[in-house]
Structures are given as structure tokens and as C-alpha cells.
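Take a look at the structure set out below.
The values are calculated or read from the model by the stated rules, or taken from the named source; none is laboratory data. Keep in mind that this is a model prediction, so the values were computed, not measured. All Cβ positions, even for glycine, are placed from backbone atoms using ideal geometry, and neighbour counts span all protein chains on display. What goes into the accessible areas is simple: the full protein's heavy atoms, side chains included, and nothing from ligands, DNA or RNA. Shrake-Rupley method; radii C 1.70, N 1.55, O 1.52, S 1.80 Å.
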Amino acid sequence: MPCGRTAPAGDGGLDSGPVPIVGVPPSCGTQVSSSSLDFETSSVAVHVLAANATTVHWGYTFAGLEPAIAINSGSEILVETATQHAGDDFAKMIQGDPGIEDIYYWGSEGPRVSTRGRTGKGDGVHILTGPIYVCGAEPGDVLQVEILDLAPRVNPSTNKTYGSNAAASWGYQFRAGFLDGRQREVVTIYEIIKDEGSGNVLWAVPDYQFEYGNYMNEGSNTAYQGPSTACSSTSGDLGSQEFPNPWSNAQFQFRNNITVPCVNGMQQWQGLYYPGLITPHPTGTEDFSIRGKFKVPVNFHIGNMILAAATNYTVDSVPPSKFGGNIDDRRIGKGATMYYPVEVAGAMLSLGDCHTAQGDSEFDGTAIETSINAHLRVTVLKATSLPAPVQSLQFPLLENNNEYVVHGFTYPDYTNQLKSPFSTIYKGSTLDLTMTSAYNLTRDFMMRTFGLTENQVITAITAVVDFGITQVVDGNWGIHAIIPKWPFSNNSAPYSPAVFPGSSKPADVTLLTTL
């Protein structure tokens with residue numbers, strides 16, 4: 001469908017009829033290189049956005065980025081994502097997969113994707129595929145993203161999928177403390193298990209663990225000392241003449257102000273403070289005793305789906321905000337629809353940081369980080385005809401068949417609320433502020449959506465709404481409110497939640513059902 005026409009609204013969410021598309025660039029509707037994604041698609045034309053070094057940005061979003069693809073409102077798109085933790089086991093998660101190899105390539109001349117983090121210092125870790133320019137999206141509109149399917153990316157050389165959980169220095173366990181008092185970062189590699197006959201995804205099992213044991217433990221000589229790499233690039237420019245955004249790191253100073261000097265053309269990394277490092281195995285700390293201890297129900301979901309913010313500077317991919325980002329809600333899976341307020345023309349949607357499973361709180365710093373392919377339908381809801389639930393939307397809203405989910409953060413709009421957002425956001429998060437934010441957003445949403453007064457909402461929230469801790473690791477902490485639709489409908493069938501522990505599938509779908 002050529003740009004400038006009318007695209008049909010999505011059929012899985014808050015429809016308001018056809019959506020007009022205006023003011024689009026001539027590239028709208030073009031397609032990038034194809035890829036063999038494992039999906040059964042509908043008869044409509046489906047765009048494909050492959051993940052490689054030219055279609056990802058690492059650790060930041062930026063309105064000045066060149067779009068990787070432009071699509072019409074109402075289009076379906078298959079998007080490949082790559083996990084930022086694939087380097088934890090090169091053989092299992094990178095080697096033999098051309099797209100992932102391209103992203104992670106780091107030769108003597110430096111890394112192929114040289115800018116990692118919003119300043120090039122690793123202050124932002126996620127590999128984000130995009131941006132996707134959505135024709136007709138303008139500030140004040142709402143972007144509706146329906147997750148039609150999610151499937152684990154299979155390494156063609158092994159026909160298997162693996163993921164990594166990094167119990168990292170930014171996890172809550174570093175605040176809570178260790179029994180032996182020895183701080184360490186522990187990486188666990190998981191295998192996604194399929195039924196050999198049907199190919200159905202069954203569960204994930206831990207394969208082995210290894211340690212970055214000398215983090216903040218000077219003089220340690222028993223633990224893995226970390227990988228060595230050619231010296232990382234020290235300067236770059238993410239922008240153009242219209243959106244200049246130069247950066248420089250001549251001091252080789254990285255996350256947490258840790259200096260990693262360049263010595264004879266090499267750098268030694270002693271902890272998880274720069275993304276994309278490749279761990280050479282064996283490290284000498286591999287521990288296989290975790291095998292057979294437990295299995296994890298699959299819960300494929302998108303940890304980071306983000307629009308560009310209306311800023312003239314890069315934005316860290318870690319703290320979530322009203323424009324989306326690193327929400328890390330396990331409910332953002334197949335069957336969910338997300339709504340985001342649009343801040344810039346084209347919305348500039350990117351996604352990554354996908355997970356096989358994660359419990360609420362993302363306690364140790366990461367989930368089971370996995371490369372996953374997503375099948376989405378993306379629709380622009382125009383500001384002039386927004387349905388009540390998304391009018392004046394100031395947070396990322398989730399909808400599924402049975403519930404709405406309101407996402408509250410310590411600072412709902414931290415880039416505008418904080419004077420120095422990137423130097424203070426990681427220091428000021430508390431659950432008190434986050435709960436207040438989540439309540440205020442939930443109160444206003446329910447009054448607007450269900451036509452309730454404030455007094456009516458207060459009792460309804462206590463009676464039927466669940467608040468949960470989404471995450472306590474992303475700088476801007478999150479609390480979500482799960483609002484069932486059933487109490488406010490004429491449905492006489494008993495209420496059954498669409499999301500239950502360990503899975504984001506509909507309640508009538510078993511864990512043995514393939515995606």
C-alpha cells in the first residue's frame with residue numbers, strides 16, 4: 001500500500017477505524033533484506049527486518065538515527081533481535097549465525113558496531129533492531145504494537161537456541177549481600193528444549209555457570225579475570241548534519257567510571273561493564289553441577305520496545321520511561337498489545353533485549369537473555385480519534401484479552417523530570433516513589449476508561465487490581481498494575497487471568513503448546 005493512503009486499524013486492540021497517514025517520507029513501505037524467520041504468516045504482505053551490524057543500534061535510542069525500514073500503519077513486520085549477552089558463550093549463541101556474527105565482530109581494527117551506550121562508554125547495553133519509521137505517526141498520536149508471535153532464534157550451525165542469565169553487579173543481590181561476603185558476577189547458560197517429534201518448545205534448562213569473580217575484589221587470582229579485546233573505538237558520531245551527536249572516550253573510561261587502559265593495543269575486561277564482550281571458554285570457573293536441578297517454563301517476551309524520545313541527544317536504553325524502553329515486564333509476549341505515546345515523526349520503533357523467561361523483579365539483573373524473532377502488527381492511532389484508554393497516554397500501556405497493565409516508574413518521564421537525567425536516574429529509584437507513580441497512573445486510567453469517580457476508583461483498585469514489582473534493576477524502577485476487564489464488563493463467565501506465573505500465554509494454552 002503506497003504511503004499517503006489509509007491503512008486499516010489493527011484487529012486485536014483499541015480500534016478506532018481507519019487511520020489516516022499524512023506527511024510521510026518517500027521511503028515509506030520499502031523493505032530491507034529478507035530473512036528466513038520461522039513463522040506462519042497471514043496472506044497480507046509482511047515486511048522483514050533482519051538483524052545485522054547495519055540494522056541495529058547498541059545501548060541507546062536517538063531521534064536522529066537513520067531508519068532501518070519504513071512501513072505503513074497497519075503493516076505486519078518480522079523483526080530479528082539479538083541478545084546483548086550472546087558473547088557469554090560464543091560457540092552456542094554466535095558462531096555459525098551470520099547476522100549475530102556480524103553484530104559481534106571485533107577485529108584488530110575495533111568492533112564493527114563501535115558505539116555501545118549513549119556516549120560510547122557502555123552506558124546502555126541493549127542491542128536494538130531498528131528504528132522502524134511508521135508512516136503517519138506524529139507527536140500526540142499513539143503507536144499500537146500487537147505481538148502476533150515470538151519464536152526463539154535457532155543457530156543454523158547447531159539447530160539449537162541458548163540464552164544467558166547474568167547475575168550482575170546491577171542486580172539487587174549486590175545490595176542484599178552474599179553469604180560469604182565475596183562479591184561476584186555469575187553467568188548461567190540455559191538451553192531451550194524442544195520436543196524432538198513435534199518441535200514444540202517445552203522449557204529451558206540450566207546448562208552450566210561461570211564467574212566473573214574478581215569484580216571489586218582486588219588481588220583475586222582464583223576467578224576468571226575476564227576477556228581481552230582489541231582496544232575499543234574512542235570516538236564516533238551518531239548523527240548527521242541535521243542531528244550531530246559526536247562522542248569521544250579517549251580516556252577509556254566505561255560504566256561506573258571504571259578505566260580499562262589500552263596496553264599494547266589490547267584491553268583486559270574484569271567484569272560486566274561493557275556490552276558485547278566475548279568470553280573465551282574454558283574460563284577455569286565452569287560449574288556444571290546445576291544441570292538437572294530445575295527447569296524453567298518458557299515465557300518468551302520483549303524486554304525492551306522503545307520509541308525515540310523528543311530530545312536532541314541520545315537516550316540510554318536501560319531506564320524505561322513513558323516512551324517505552326527497558327520495561328522488562330514478562331507479560332509483553334505473544335497475544336499482548338502495547339500502546340506508546342508518540343514523541344517524534346515516524347515514532348521510530350526499536351526492539352531487543354528479548355527473554356525466554358523472567359520472574360517479576362528481574363532480581364539478579366537480567367532474565368534468560370535470548371535472541372528471539374518477533375512478528376508484529378504496527379498501527380498508528382491518531383490524536384484526533386483516540387479511544388478513551390489511550391487518551392492523554394503518559395505511560396506504556398499493555399492490553400491482552402483479559403487485562404490492562406499500567407506501567408509505573410519511579411520517574412515516569414525522567415528525561416524531563418530530572419535536571420541531569422543520566423547522572424542521577426540510577427541513584428534515586430525507590431519503591432515508595434514508584435508505587436505512588438503506579439497508583440496515580442492507574443487511578444487516572446481507570447477513571448478515564450471505566451467512567452468512575454475518584455472515590456469509586458479507590459475501592460475498585462483495592463478490590464480487583466494487583467500491583468507487582470516489574471523490575472528493580474533498570475535505574476528507573478518499575479511497578480505494574482494489572483487491571484482485569486471482567487469486573488467492568490457484562491461477561492458472566494468466571495474470570496481467568498491471561499498471565500500466570502512462568503508464562504505469558506493465554507490461560508487456556510498449555511506450556512507444551514508450540515508458539
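Among the residues making up the range 215-247, those that are at pLDDT below 75 and in contact with a strand residue (DSSP E or B) (Cβ under 7 Å, 6 or more places away or on another chain) are TYR215, ALA223. Within the option set GLY120, GLY163, GLY130, being surrounded by 24 or more Cβ atoms within 10 Å (Cβ to Cβ), modelled with pLDDT under 95 and under 20 Å from the mean Cα position of the chain (by Cα) holds for one residue only, GLY120. Of all residues in the range 45-68, those being of a type in the set (A, V, I, L, M) and either within 16 Å of the chain's Cα centre (by Cα) or under 24 Å from SER321 (Cβ atoms) (or both) number 6. It is to be established whether one or more residues within the range 375-382 are within 18 Å of the chain's Cα centre (by Cα) and open to solvent by 20 Å² or more (accessible area, probe 1.4 Å). Within the range 375-382, one or more residues are within 18 Å of the chain's Cα centre (by Cα) and open to solvent by 20 Å² or more (accessible area, probe 1.4 Å).
Against the list (1) modelled with pLDDT of 85 or more; (2) touching a Phe, Trp or Tyr at 6+ places or on another chain (Cβ under 7 Å); (3) within 30 Å of VAL298 (Cβ to Cβ), the condition TYR212 fails is (1).
Considering (1) part of a strand (DSSP E or B); (2) under 18 Å from ASP474 (Cβ atoms), the lone condition that ARG377 does not fulfil carries the number (2). Restricting the first member to the range 170-188 and to residues that are within 22 Å of SER289 (Cβ to Cβ) and outside any strand (DSSP E or B), and the second to residues that are open to solvent by less than 50 Å² (accessible area, probe 1.4 Å) and of a type in the set (D, E, K, R), the beta-carbon pairs closer than 7 Å and six or more apart or on different chains are GLY171/ASP364; GLN173/ASP364; ARG184/GLU211. Whenever a residue of the range 445-457 is in contact (Cβ under 8 Å) with a residue 40 or more places away in the chain, its partners that are small (Gly, Ala, Ser) and surrounded by 10 or more Cβ atoms within 10 Å (Cβ to Cβ), lying with C-beta atoms within less than 9 angstrom and at least six residues away or across chains, give the pairs PHE445/ALA481; ARG448/ALA388; ARG448/SER392; THR449/ALA388.
Do we have ASN200 as open to solvent by 10 Å² or more (accessible area, probe 1.4 Å) and modelled with pLDDT of 95 or more here? When the stated conditions are applied, ASN200 does not pass them. Considering the range 426-435, and only residues there that are surrounded by 14 or more Cβ atoms within 10 Å (Cβ to Cβ) and not hydrophobic (A, V, I, L, M, F, W, C), the residue that is farthest from the chain's Cα centre (by Cα) turns out to be GLY428.
Against the conditions (1) out of contact with any His (no Cβ under 8 Å at 6 or more places or on another chain); (2) outside any strand (DSSP E or B), TYR404 satisfies every one except (2). In the range 444-472, the qualifying residues are those that are of a type in the set (Gly, Ala, Ser) and in a helix (DSSP H, G or I), and the one that is surrounded by the fewest Cβ atoms within 10 Å (Cβ to Cβ) is ALA463.
When restricted to residues that are farther than 30 Å from PHE178 by Cα, touching a helix residue (DSSP H, G or I) at 6+ places or on another chain (Cβ under 8 Å) and among the charged types (D, E, K, R), the range 357-405 contains 1.
Considering only residues in the range 227-243 that are assigned to a loop (DSSP other than H, G, I, E, B) and among the small types (Gly, Ala, Ser), the one that is surrounded by the most Cβ atoms within 10 Å (Cβ to Cβ) turns out to be SER232. Contact map, the range 406-425: first residue surrounded by 17 or more Cβ atoms within 10 Å (Cβ to Cβ), second residue among the acidic types (Asp, Glu), Cβ cut-off under 6 Å, separation 6 or more or different chains; pairs are PHE422/ASP316. Within the range 473-487, the residues that satisfy the criterion of being open to solvent by less than 70 Å² (accessible area, probe 1.4 Å) and farther than 26 Å from THR424 by Cβ are ILE482, ILE483, PRO484, LYS485, PRO487.
To keep it simple, each residue is scored yes or no on (1) touching an Asp or Glu at 6+ places or on another chain (Cβ under 6 Å); (2) within 25 Å of MET348 (Cα to Cα).
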position: ILE71; (1), (2): no, yes
position: HIS85; (1), (2): yes, yes
position: ASP88; (1), (2): no, no
position: GLY96; (1), (2): no, no
position: ILE103; (1), (2): no, yes
position: GLU109; (1), (2): no, no
